[in-house]
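Remarks on the structure that follows.
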């Protein structure tokens, strides 16, 4: 399976998506729609296997805790059917790091090697 690479805008932090705060919930929904439009404009076609996967996330912002970006991104990948779900059955490894990205974050999905050589 070839790596899947997505350049996405920075998601709202997980802190703002897990509280009952309708204004921030609308911001989260707006972020998802923005991601949808970006992927459509780039003619992205989802191709998935059966997993398991490893996910690498590069975030360009130093104004937030890195771990606050993981959950919204994984939930979005599940929403667009790139991952079956974010359970250990599908996602075996997650790495996140600071770095330069085009749109705010870069997500790389690759098949997890079950039998490393």
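The values are calculated or read from the model by the stated rules, or taken from the named source; none is laboratory data. Keep in mind that what you see is a predicted model, and the values were worked out from it rather than measured. Backbone-built Cβ (ideal geometry, glycine too); neighbour counts: all protein chains shown.
In the list 66, 83, 40, 74, which residue meets the criterion of being at pLDDT below 90, closer than 17 Å to residue 106 by Cα and crowded, with 16+ Cβ neighbours inside 10 Å? Only one candidate qualifies: 83. Based on what the data block shows, is residue 97 more than 19 Å from residue 2 (Cβ to Cβ), modelled with pLDDT of 85 or more, surrounded by fewer than 16 Cβ atoms within 10 Å (Cβ to Cβ) and in contact with a helix residue (DSSP H, G or I) (Cβ under 9 Å, 6 or more places away or on another chain)? The answer is yes for residue 97. Can you find even one residue in the range 44-53 that is modelled with pLDDT of 85 or more, over 15 Å from residue 8 (Cα atoms) and surrounded by 11 or more Cβ atoms within 10 Å (Cβ to Cβ)? Yes: the range 44-53 contains one or more residues that are modelled with pLDDT of 85 or more, over 15 Å from residue 8 (Cα atoms) and surrounded by 11 or more Cβ atoms within 10 Å (Cβ to Cβ). Among the residues of the range 1-37, those that are touching a helix residue (DSSP H, G or I) at 6+ places or on another chain (Cβ under 8 Å) and at pLDDT 80 or above comprise 6, 7, 8, 9, 10, 11, 12, 27, 28, 31, 32, 35.
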